[in-house]
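First comes the structure, then the notes that go with it.
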Amino acid sequence: MSIVYRYGRNLYINLTNKCPCSCIFCIRDSTPRLGDADSLWLKEEPSAEDVIRELRYHNLMEIHEIVFCGYGEPTERLDVLLEIADRIHTSLKKNVRLDTNGLGNLLNGRDIVPDLAKALDSISISLNAPDAESYKRITRCRFDGQEAFDSLIGFIKGCRVQMDDVTVSIVGGYLSTEDEERSQRLADELGVDFRVR
């Protein structure tokens, strides 16, 4: 069970296996591991202290940034995420990124962007599709498709206003060329960076 794993130049924090989505492309359906992790399926969710202790086992001089991204949606454990991010900045002096599905406002029942803006150096948000119907098909989200997509767009807009480094992404090969182009145009309209992963 890995709560911190290395992939490339970054360290990743596997905070939870909970996620409101079951995306058709999700790699957790095909492998238990990524990078140097033995298994990203958690027997129990780690505390902030567990995570900080695991981070200290690594040579942080070799690490570009520390990323919240594992086999679940990190904002499912928002309070722990915020505590860890603060401690990383304070004691480990590394940049912090969040990779998220962008549904944290729905999950937490409030606007969490102001908290994230204070805690993070950058954020990568899974746009996944250019419209609610495609989004529901691809993410198989437990929330209503239109509600989820509207919340996602609102979340992206909030991040754009309050954060300097915001990227949205889609996974290549799961949308038509036309829908990939529509996703790019939507990102442009929202004023955020776009990438195909």
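Looking only at segment 70-94, residues that are out of contact with any Lys or Arg (no Cβ under 8 Å at 6 or more places or on another chain) and in a loop (DSSP other than H, G, I, E, B) come to 3 in all. Among the residues of segment 79-92, not a single one is in contact (Cβ under 8 Å) with a residue 24 or more places away in the chain and in contact with a Cys (Cβ under 6 Å, 6 or more places away or on another chain). Scanning segment 96-108 for residues that are open to solvent by less than 10 Å² (accessible area, probe 1.4 Å) and touching an Asp or Glu at 6+ places or on another chain (Cβ under 6 Å) returns a single hit, Val96. Of all the numbered requirements in (1) of a type outside the set (S, T, N, Q); (2) more than 30 Å from Arg87 (Cβ to Cβ); (3) touching a Pro at 6+ places or on another chain (Cβ under 9 Å), Gly158 misses one, and that requirement is (2).
Residue-wise test of (1) under 27 Å from Leu152 (Cβ atoms); (2) over 16 Å from the mean Cα position of the chain (by Cα); (3) open to solvent by less than 20 Å² (accessible area, probe 1.4 Å); (4) not acidic (Asp, Glu).
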{"site": "Met1", "(1), (2), (3), (4)": "no, yes, no, yes"}
{"site": "Ile13", "(1), (2), (3), (4)": "yes, no, yes, yes"}
{"site": "Ser30", "(1), (2), (3), (4)": "yes, yes, no, yes"}
{"site": "Asp36", "(1), (2), (3), (4)": "no, yes, no, no"}
{"site": "Leu40", "(1), (2), (3), (4)": "yes, no, yes, yes"}
{"site": "Arg53", "(1), (2), (3), (4)": "no, yes, no, yes"}
{"site": "Asn59", "(1), (2), (3), (4)": "no, yes, no, yes"}
{"site": "Cys69", "(1), (2), (3), (4)": "yes, no, no, yes"}
{"site": "Ile88", "(1), (2), (3), (4)": "yes, yes, yes, yes"}
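Of Asp115, Asp111, all but one fail to be out of contact with any strand residue (DSSP E or B) (no Cβ under 8 Å at 6 or more places or on another chain), part of a loop (DSSP other than H, G, I, E, B) and either crowded, with 18+ Cβ neighbours inside 10 Å or of a type in the set (Asp, Glu) (or both); the exception is Asp111. One residue alone among Glu133, Glu62 is of a type in the set (D, E, K, R) and modelled with pLDDT under 95, and that residue is Glu62.
The values are calculated or read from the model by the stated rules, or taken from the named source; none is laboratory data. Keep in mind that what you see is a predicted model, and the values were worked out from it rather than measured. Here Cβ is always computed from backbone atoms with ideal geometry, including for glycine, and neighbour counts include all displayed protein chains. Each accessible area value is taken on the protein alone, full model and side chains, heavy atoms only, with ligands, DNA and RNA left out. Shrake-Rupley method; radii C 1.70, N 1.55, O 1.52, S 1.80 Å.
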